[in-house]
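The values are calculated or read from the model by the stated rules, or taken from the named source; none is laboratory data. Computed from a predicted model, the values in this text were never measured in an experiment. Please note: Cβ atoms are built from the backbone with ideal geometry, for glycine as well, and neighbour counts cover all protein chains shown.
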Amino acid sequence: MKNIDLVRDVLDTQVLDREQRPLGKVDGIALELREGSPPRVAYLEVDGVTAWRRLGERYARWAAKLARHWQREGHPFRFTWRQVRDFGIDIEIDVDAERAAPFDLEHWLREKLIRRIPGGR
Amino acid sequence: MRLLGAQPMKARIAFALACSFAGAVMRTLLALVLVALAGCGDQHEQEMKSAASWSSTALAVARYWLQGDLPDTYAKRVLQKASEELAKGPLPDASEPVNQMIEAIGKRDQQAMRRLIAELQAQ
Amino acid sequence: MKKILGIALGIVTSIGGFLDVGSIATSAQAGAAFGYSLLWAVLLGTICVIFLVEMSGRFSIVSGHTIVDAIRKRFGFAGFIVPFAASLLVNLLVLASELGGICVALQLLTGIRFQVWAIPVALAVWLLLWLGTFDVVEDGTALFGLVTLCFLVAVFTLGPEPRELAAGFVPRLPGEEHAHYLFLAVSIIGATIAPYLFLFYSSGAIEDKWDKSYITPNRYIATLGMSFGAIISMAVIVVAALALKPEGIRVEEYEQAALMLVPAFGRWGFYLFVASLAIACFGAALELSLASAYSVSQAFGWNWGEDLEPRSAARFSSAYTIFIALAALIVLSGLNPMKLTLFSMAITAVILPLTALPFLVLMNDARYMGEHVNSHFSNIVVLLIVLLAAILAVVAIPLEIIGSK
């Protein structure tokens, strides 16, 4: 049975969607604690606020305040190991990046900035 | 773990040269640091050097302009800058001929420029 | 055949892209004030950057990661955020210097104050990134950057004494002005080993999809490209030493540096200098903006790539847009461009270990590099030079500030 080092190989690893497009990084890992059994990976999180929380709660609050401008529902974005299709240099999951929550900033910027400036197509 | 002794001759020579170069660099820079820390520069000397430099700049600009090697806009601009710097420093008298040089360019007066060069050089 | 062309293009790109406002400003000052005696600083910086660039290419080829992506993965978000923020800040200062360089070139040409040019120039840089592709940016930089070869031509025209030249490669104490000498040495090293250079190179390797067959070409491109580029940097020192120092002209402002090509080229000399300054800075500004946007995108896992239209990579495109805007503001503030450049270069030397040391760790991590881990030699060379530069910078910067009060 193959062992995976969660911190070394999963945390902060690039996540790709089913079209091999960058989705984000694994910003957080949640373990499920069970009575009498070893902990289990509950889900993996891709969310900027989660990453900043690792520095301190204060940073997370600042990040959350900022992110409220563009975040819609679905935050923090979580996926389970069942959705992982490939795991190597990057983690490929069975999701469409354009429709996933981490892309909210991308969509917001497309609306506010890119569309207003000519040539952005 | 690769030991240096196992490396080919070329690598060892290269390494030795690198070490001597590194050694020379280290020694010089360490010495510099100590000396620099010891004497933090003479303020007046700096100003004199700067003034001499700007005066030389004006002379060079004037000479090059006479040869037709510099456009008027740029020549006037540098002389302007030189004049300002000289006026601030320990050689304020030098800024006067420089100002006149600017006028000479404006009037395309080559003779005046030659005279001013001699005048500035004398200072 | 394609590989040879690729190597040639890579080398040409490196030549054209090597000279930037930092190299020009520091080299001109060094040559005018100290003659040939700071040539060793360029050599030292170049040796280090050759190693770093080669490592950067090798890293991306073997690991499939870009450096920034890998640093975050290896050290975690918390461990990487401080070097990351520091390098972005320094990038901003350097970008402001590059934009300032273009504006100064225009000021030299037209007489109109450099601040006026800040917005048009920033707009031009931004427009090229907005509408262009990676190849256009790279190839354009490379081609136009060849104008800087005029410095090399000038060296041959002016004919320096070879023995005196060679002496400049041996580090030696100058007679006086030690603090300034030290500061210039450090600034030259900072200008030569700009971190954005090897970070950008890593992104380029990924964007061009280099595979293992590129390991040897990468070595050639890194070595030859950086060497040729360094030769141009050295040429600026030599030309300044021959054209300005004998006249007693020191380079305290760009106006004085602009005189240095006149003895070699006559009337063309002034225009060649202006063109070289403008073009070298423009290319560097493009690279720097892209490099910063790459860094941010790779750090947070966004989609990135110059070949993507802004609409497909809005975060990436917004990143470089904001960056260029901020840099333009700094230029607009009227800060003396020459001073800004010199200090940015010195600060680069201070920050260098923060980026280079984590990178060295990666280069020795077999999980990323497999059998292509660094040799002891590479590690020692980079470690020595980077630490040396940083320590010296920490000493030199306060001294320079005190000295220029």
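Which is under 13 Å from the mean Cα position of the chain (by Cα) and not small (Gly, Ala, Ser), of C:Leu9, C:Leu38, C:Leu5, C:Leu19?
C:Leu19
List the helices (runs of 4 or more DSSP H) that sit entirely inside segment B:53-123 and contain at least 3 residues that are modelled with pLDDT of 90 or more, under 19 Å from C:Tyr254 (Cβ atoms) and at the interface with chain C (Cβ under 8 Å from one of its Cβ atoms).
Counting at least 3 such residues, we get B:72-88.
How many of the residues making up segment C:369-388 are among the hydroxyl-bearing types (Ser, Thr, Tyr) and more than 10 Å from chain B (Cβ to nearest Cβ)?
Selection size over segment C:369-388: 1.
Using the structure shown, decide if C:Leu352 is of a type outside the set (Phe, Trp, Tyr) and closer than 17 Å to C:Asn91 by Cα.
Spelling it out, C:Leu352 is indeed of a type outside the set (Phe, Trp, Tyr) and closer than 17 Å to C:Asn91 by Cα.
Which one of these is buried (at least 24 other Cβ atoms within 10 Å of the Cβ) and in contact with a Pro (Cβ under 6 Å, 6 or more places away or on another chain): C:Val21, C:Val121, C:Val49, C:Val104?
Sole residue among the options that is buried (at least 24 other Cβ atoms within 10 Å of the Cβ) and in contact with a Pro (Cβ under 6 Å, 6 or more places away or on another chain): C:Val104.
Among the residues of segment C:349-367, are any touching a residue at least 24 places away in the same chain (Cβ under 8 Å), buried (at least 17 other Cβ atoms within 10 Å of the Cβ) and not in a helix (DSSP H, G or I)?
Within segment C:349-367, none of the residues are touching a residue at least 24 places away in the same chain (Cβ under 8 Å), buried (at least 17 other Cβ atoms within 10 Å of the Cβ) and not in a helix (DSSP H, G or I).
Identify, from the list A:Arg110, A:Arg115, A:Arg68, the residue that is more than 24 Å from A:Gln14 (Cβ to Cβ) and within 12 Å of another protein chain (Cβ to nearest Cβ).
The unique qualifying residue is A:Arg115.
Matching residues to (1) more than 14 Å from every other protein chain (Cβ to nearest Cβ); (2) in contact with a Phe, Trp or Tyr (Cβ under 8 Å, 6 or more places away or on another chain):
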position: A:Asp12; (1), (2): no, yes
position: A:Arg21; (1), (2): no, no
position: A:Gly28; (1), (2): no, no
position: A:Tyr43; (1), (2): yes, yes
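Give the residues of segment C:288-306 that are surrounded by fewer than 24 Cβ atoms within 10 Å (Cβ to Cβ) and touching a Ser or Thr at 6+ places or on another chain (Cβ under 9 Å), sorted by residue number.
Result: C:Asn303, C:Gly305, C:Glu306.
Would you say C:Ala349 is away from chain B (no Cβ under 14 Å) and among the small types (Gly, Ala, Ser)?
no
Determine which member of the set C:Glu287, C:Glu309 is part of a loop (DSSP other than H, G, I, E, B) and closer than 18 Å to C:Val136 by Cα.
C:Glu309
Quick grid of which residues meet (1) free of Cβ contacts under 8 Å to residues at least 40 places away in the same chain; (2) in contact with a Pro (Cβ under 6 Å, 6 or more places away or on another chain):
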residue	(1), (2)
A:Lys2	yes, no
A:Leu6	yes, no
A:Leu11	yes, no
A:Gln14	no, no
A:Asp17	no, no
A:Val26	no, no
A:Pro38	yes, no
A:Tyr43	yes, no
A:Val46	no, yes
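Please specify each residue of segment C:290-306 satisfying the condition of being at the interface with another protein chain (Cβ under 9 Å from one of its Cβ atoms), assigned to a helix (DSSP H, G or I) and either closer than 18 Å to C:Asp135 by Cα or out of contact with any Asp or Glu (no Cβ under 8 Å at 6 or more places or on another chain) (or both).
Within segment C:290-306, C:Ser297, C:Phe300 qualify.
Inspect all residues belonging to segment C:31-39 and state whether any of them is away from chain B (no Cβ under 14 Å) and buried (at least 24 other Cβ atoms within 10 Å of the Cβ).
no
Just to be sure, is C:Ile221 β-branched (Val, Ile, Thr), surrounded by fewer than 24 Cβ atoms within 10 Å (Cβ to Cβ) and touching a residue at least 60 places away in the same chain (Cβ under 8 Å)?
For C:Ile221, the condition - β-branched (Val, Ile, Thr), surrounded by fewer than 24 Cβ atoms within 10 Å (Cβ to Cβ) and touching a residue at least 60 places away in the same chain (Cβ under 8 Å) - is not met.
Just the residues that are touching a residue at least 24 places away in the same chain (Cβ under 8 Å) and either within 12 Å of chain A (Cβ to nearest Cβ) or buried (at least 20 other Cβ atoms within 10 Å of the Cβ) (or both), please, taken from segment C:315-337.
Within segment C:315-337, C:Ser317, C:Ala319, C:Tyr320, C:Thr321, C:Phe323, C:Ile324, C:Ala325, C:Ala327, C:Ala328, C:Val331, C:Pro337 meet the criteria.
Right, C:Val104: within 14 Å of chain B (Cβ to nearest Cβ), at pLDDT 95 or above, more than 23 Å from C:Ala299 (Cβ to Cβ) and in a helix (DSSP H, G or I) or not?
Taking the combined requirement at face value, the residue satisfies it.
Could you list, in sequence order, all residues of segment C:382-399 that are modelled with pLDDT of 80 or more and more than 11 Å from C:Ile189 (Cβ to Cβ)?
Answer for segment C:382-399, where residues must be modelled with pLDDT of 80 or more and more than 11 Å from C:Ile189 (Cβ to Cβ): C:Val382, C:Leu383, C:Leu384, C:Leu387, C:Ile391, C:Val394, C:Val395, C:Ile397, C:Pro398.
Confirm whether C:Ile391 is β-branched (Val, Ile, Thr), within 11 Å of another protein chain (Cβ to nearest Cβ), under 24 Å from the mean Cα position of the chain (by Cα) and more than 22 Å from A:Asp5 (Cβ to Cβ).
In short, yes.
C:Phe77 passes all but one of (1) free of Cβ contacts under 8 Å to residues at least 40 places away in the same chain; (2) out of contact with any helix residue (DSSP H, G or I) (no Cβ under 7 Å at 6 or more places or on another chain); which number fails?
(2)
Looking at (1) crowded, with 24+ Cβ neighbours inside 10 Å; (2) of a type in the set (A, V, I, L, M, F, W, C); (3) outside any helix (DSSP H, G or I), which is the only condition C:Ala70 fails?
It fails just one condition, (3).
Each row is one residue, and each column tells you yes or no for (1) part of a loop (DSSP other than H, G, I, E, B); (2) within 29 Å of C:Arg311 (Cα to Cα).
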site: A:Val41; (1), (2): no, no
site: A:Arg85; (1), (2): no, yes
site: A:Glu98; (1), (2): no, yes
site: A:Pro102; (1), (2): no, yes
site: A:Pro118; (1), (2): yes, yes
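Does segment A:46-68 include one or more residues that are touching a Lys or Arg at 6+ places or on another chain (Cβ under 7 Å), assigned to a strand (DSSP E or B) and surrounded by 10 or more Cβ atoms within 10 Å (Cβ to Cβ)?
Yes; the residues of segment A:46-68 include at least one that is touching a Lys or Arg at 6+ places or on another chain (Cβ under 7 Å), assigned to a strand (DSSP E or B) and surrounded by 10 or more Cβ atoms within 10 Å (Cβ to Cβ).
Please tell me if C:Phe282 is of a type in the set (Phe, Trp, Tyr), crowded, with 23+ Cβ neighbours inside 10 Å and under 28 Å from C:Ile7 (Cβ atoms).
yes
From C:Val186, C:Val153, which residue is buried (at least 23 other Cβ atoms within 10 Å of the Cβ) and part of a helix (DSSP H, G or I)?
Within the list C:Val186, C:Val153, the selection yields C:Val186.
Taking A:Ala101 as meeting all but one of (1) farther than 28 Å from C:Gly132 by Cβ; (2) facing chain C (nearest Cβ under 9 Å); (3) surrounded by 13 or more Cβ atoms within 10 Å (Cβ to Cβ); (4) not β-branched (Val, Ile, Thr), write down the number of the exception.
(2)
State all residues of segment C:228-267 that are in a helix (DSSP H, G or I), β-branched (Val, Ile, Thr) and more than 22 Å from the chain's Cα centre (by Cα); if no residue qualifies, say none.
The answer is C:Val262, and nothing else.
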